[in-house]
Amino acid sequence: MPKDRFPVGVIVARRRLRSPWADHQWLPVGALPDIPETAPWTLLASIEGEDRFYAGAHEVGLHISETGHYRDNLVSGRPSLWVALRPVAGDAYEVATVTADPYEGEALAEGIGEIVEAVPMPESIQAAVAAFVDAFHVERTFEKRKRDRADPEALGRRNIAAERGGGSE
């Protein structure tokens, strides 16, 4: 059976900005297929105006009803994981969620207060998602529903007294 849950490690960047309103910006930039033996928020690298940190681990869950969405992600040309960071206090953030569903990722981006970014999906995770899709995807044909025609007689005035068994209006 393919896995329906797997952990990923999240890499975030703290980029320096030249702005009168903010001096830096947090941004998810990568995902690791394995969880390193590194404490969350450990500095990994510093390069010209950017510090990269291991933000911690998060579990990605796959759902049978969303296999079409995962397949769309895998064939998109740039398979991605969507990472959401939630502010916890001051300038501190935590990993709120990680998803392989592009439509859920889009919905996360509409929220206020969280930082959401699509990051490249590692190849081993692509293989795990593809195995899940292969095992559980059922193609569903789209059936357009037809509307019922309106009954013009039903839209006319009703004789309520007659309906109640009383006399006429």
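Details
- Put simply, the amide H of LEU62, placed in the peptide plane, has neighbours under 5 Å in ARG5, leaving out anything fewer than 5 places away on its chain.
- Net charge dipole size for the stretch 87-137 [Lys, Arg +1 and Asp, Glu -1 on Cβ; Debye, nearest 20]: 120
- Each of ALA107, GLY56, LEU17 was scored by the projection of its Cα onto the charge dipole of the stretch 5-136, and the greatest displacement toward the positive side belongs to LEU17; charges sit on the C-beta of Lys, Arg, Asp and Glu.
- Rg/Rh ratio calculated on Cα atoms of the stretch 1-71 (Kirkwood radius): 1.13
- Cβ charges +1 (Lys, Arg) and -1 (Asp, Glu), total dipole of the chain, debye: 540
- Theoretical ellipticity at 222 nm over the chain - DSSP helices of four or more residues, -39500 (n - 2.57) apiece, nearest 500: -5500 deg cm²/dmol
- Taking SER65, SER19, SER76 in turn, the Gaussian network model of the chain (Cα-Cα springs below 10 Å) assigns the largest fluctuation to SER19.
We did not get these values from a lab; they are worked out from the coordinates using the rules stated. Source: prediction; values computed, not measured. For neighbour counting, all protein chains shown are included, and Cβ atoms are generated from backbone atoms with ideal geometry for every residue, glycine included.
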